[in-house]
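The values are calculated or read from the model by the stated rules, or taken from the named source; none is laboratory data. Everything numeric in this text was worked out from a predicted model, so none of it was measured. Glycine gets a Cβ as well: all are built from the backbone with ideal geometry, and neighbour counts include every protein chain shown.
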């Protein structure tokens with residue numbers, strides 16, 4: 001058994017003063033307590049936080065030190081890539097992983113890019129693993145994109161849309177084909193073994209066995225997605241929403257019970273589709289009451305800077321506990337790994353960072369980082 005002491009311990013949804021986080025040899029937390037445990041106390045720190053989670057990134061695909069054209073973020077062979085898997089492109093030697101861990105970001109959802117209408121399957125991973133078989137936790141859902149991005153890549157190979165409506169038509173055709181295949185299997189007119197691999201993935205989406213992770217920025221693209229969601233019964237998560245600039249726009253997430261992975265906030269609005277992008281839109285997101293987490297979209301914003309984006313949420317009234325929940329508890333729930341990480345509580349993995357001061361102060365940083373009960377970094 002081991003323990004760390006924090007003058008303040010942020011558990012992921014609340015905080016405790018002068019508390020010990022105790023964990024066993026199996027890497028699981030046994031308790032968070034004010035009573036000094038009868039075990040080795042590794043050290044005493046100003047603040048302890050859960051390991052941070054980046055809900056949307058391309059780390060390990062778009063790699064530090066490599067030319068842009070060597071990235072494995074988007075494959076250009078076709079616009080509907082249901083069977084592509086981000087796991088297959090991951091390279092854990094990307095030095096960005098090491099920097100992320102040093103800044104307390106221990107888990108990532110790595111997604112294919114948004115140049116295709118359907119980019120493929122994402123992967124939820126441990127940033128601190130040496131190889132991707134050790135890193136992999138679970139599927140991150142199927143990545144899709146609406147709006148400008150998929151229509152901007154019509155010079156790539158395969159059948160490509162040139163308009164928003166063309167992209168949606170191609171996506172709808174794939175969903176409809178999958179629905180018909182599903183009905184044929186149910187009627188015994190088609191054997192599962194006869195299904196095309198892409199149809200098999202679509203059927204998993206229709207059965208809500210995979211989440212549909214949809215890139216979009218404009219409010220009207222959300223309206224399109226809501227129509228598809230309701231028509232096909234999809235389990236949808238929206239990625240970005242960068243152009244949303246009215247509370248009424250963010251209210252749609254609450255009304256439709258759609259989680260949002262918001263951001264990146266500190267990136268440059270390089271396209272017309274982001275004409276209304278502003279850090280001030282955070283205010284409307286908070287007021288909406290939507291369920292959300294915060295992304296870096298690494299390498300758009302470096303993953304090591306995930307926590308820094310929370311300064312805007314503090315500015316618009318969130319408590320420190322609420323801010324931290326956006327990259328811990330909320331992120332774990334949206335990614336469906338909350339049975340394992342996201343909060344510091346009994347039964348969860350001891351993935352945590354020990355800080356030399358208040359994380360919300362620029363002169364503070366992690367001095368000890370543990371991942372699932374093992375020391376990852378110290379200084």
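Here are the numbers:
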| item | result |
| --- | --- |
| Test for residue 227: is it modelled with pLDDT of 95 or more and surrounded by fewer than 14 Cβ atoms within 10 Å (Cβ to Cβ) | yes |
| Top-ranked residue of region 35-49 - restricted to ones that are assigned to a strand (DSSP E or B) and within 13 Å of residue 22 (Cα to Cα), ranked as modelled with the lowest pLDDT | 40 |
| Residues (farther than 15 Å from residue 118 by Cα and either touching a strand residue (DSSP E or B) at 6+ places or on another chain (Cβ under 9 Å) or touching a residue at least 24 places away in the same chain (Cβ under 8 Å) (or both)) located in region 210-220 | 217, 218, 219 |
| Residues that are touching a residue at least 24 places away in the same chain (Cβ under 8 Å) and either buried (at least 22 other Cβ atoms within 10 Å of the Cβ) or more than 26 Å from the chain's Cα centre (by Cα) (or both), drawn from region 1-18 | 1, 2, 3, 4, 5, 6, 7, 8, 9, 10, 11, 12 |
| Test: residue in region 277-295 that is in contact with a helix residue (DSSP H, G or I) (Cβ under 7 Å, 6 or more places away or on another chain), in contact (Cβ under 8 Å) with a residue 60 or more places away in the chain and buried (at least 16 other Cβ atoms within 10 Å of the Cβ) | yes |
| Residue match in region 347-360 (condition: modelled with pLDDT of 95 or more, over 24 Å from residue 18 (Cβ atoms) and outside the structural domain of residue 103 (by TED's automatic domain parsing)) | no |
| Which listed residue, of 110, 91, is in contact (Cβ under 8 Å) with a residue 24 or more places away in the chain and touching a strand residue (DSSP E or B) at 6+ places or on another chain (Cβ under 6 Å) | 110 |
| Odd one out for residue 62, checked against (1) closer than 24 Å to residue 331 by Cα; (2) assigned by TED's automatic domain parsing to the domain that holds residue 332; (3) in a loop (DSSP other than H, G, I, E, B); (4) in contact with a strand residue (DSSP E or B) (Cβ under 9 Å, 6 or more places away or on another chain) | (4) |
| Residues of region 23-59 satisfying the condition of being touching a strand residue (DSSP E or B) at 6+ places or on another chain (Cβ under 6 Å) and under 23 Å from residue 240 (Cβ atoms) | 52, 53, 54, 55, 56, 57, 59 |
| Residues satisfying the stated conditions in region 180-213, i.e. in a helix (DSSP H, G or I), under 28 Å from the mean Cα position of the chain (by Cα) and surrounded by 14 or more Cβ atoms within 10 Å (Cβ to Cβ) | 198, 199, 200, 201, 202, 203, 204, 205, 206 |
| Residue in region 324-374 that is surrounded by the fewest Cβ atoms within 10 Å (Cβ to Cβ), counting only those that are without any contact (Cβ under 8 Å) to a residue 40 or more places away in the chain and touching a strand residue (DSSP E or B) at 6+ places or on another chain (Cβ under 7 Å) | 326 |
